[in-house]
Amino acid sequence: MIAEIEKFIEIQNNIDEIIKNSPFKLSYIIEKSGIKKPTFFKKLKEKRFTPEELLVISKTIEPKQWRNETKKEILESLKRSEDDFKNGKVHDFQEVMKNARLRLETYRNEN
């Protein structure tokens, strides 16, 4: 429990840098947080977000949630991957890279 509290304090103390280094615009993070802009900036300056607010911000900044999978879940996932490969459910590397570049370019143009 001590490690979790220390991690919370570290996040609270570094939230400005965390937000600054995120791939999202500050206006987007503020909008998703549901906190009024002046209040958000005051909380950011004072580093006084509630745990619930930090949770909303972190879910905005890091939408993909990582979780610890069990050995059984990992093996099942690998089995599904092997089955997909055997059944031809694969993508050409060049095609994947082309699509990734297009998505990146679209993202850059939107921001």
Can you name the condition, by its number, that K45 falls short on among (1) exposed (fewer than 12 other Cβ atoms within 10 Å of the Cβ); (2) under 15 Å from I61 (Cβ atoms); (3) not hydrophobic (A, V, I, L, M, F, W, C)?
(2)
For residues that are of a type outside the set (G, A, S) and in a loop (DSSP other than H, G, I, E, B), tally how many sit in segment 1-23.
3
Find all pairs meeting these conditions: Cβ atoms under 7 angstrom apart; at least six residues apart or on different chains; first residue within segment 71-88 and surrounded by fewer than 10 Cβ atoms within 10 Å (Cβ to Cβ); second residue at pLDDT 90 or above.
none
Output for segment 1-26, where each listed residue is surrounded by fewer than 14 Cβ atoms within 10 Å (Cβ to Cβ) and among the β-branched types (V, I, T):
I2, I5, I9
Filter pass, K37 being within 30 Å of N109 (Cβ to Cβ), in contact (Cβ under 8 Å) with a residue 12 or more places away in the chain, open to solvent by 100 Å² or more (accessible area, probe 1.4 Å) and among the basic types (K, R)
no
With the first residue restricted to segment 49-70 and required to be farther than 18 Å from K25 by Cα and open to solvent by 80 Å² or more (accessible area, probe 1.4 Å), and the second required to be part of a helix (DSSP H, G or I) and at pLDDT 80 or above, Cβ contacts under 9 Å at 6 or more apart or on different chains are Q65/K59; E69/S77
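The values are calculated or read from the model by the stated rules, or taken from the named source; none is laboratory data. Computed from a predicted structure; not experimentally measured. Cβ coordinates were reconstructed from backbone atoms using ideal geometry, including for glycine residues, and neighbour counts include every protein chain displayed. Side chains are part of the model used for accessible areas, which takes the heavy atoms of the whole protein and leaves out ligands, DNA and RNA. Shrake-Rupley method; radii C 1.70, N 1.55, O 1.52, S 1.80 Å.
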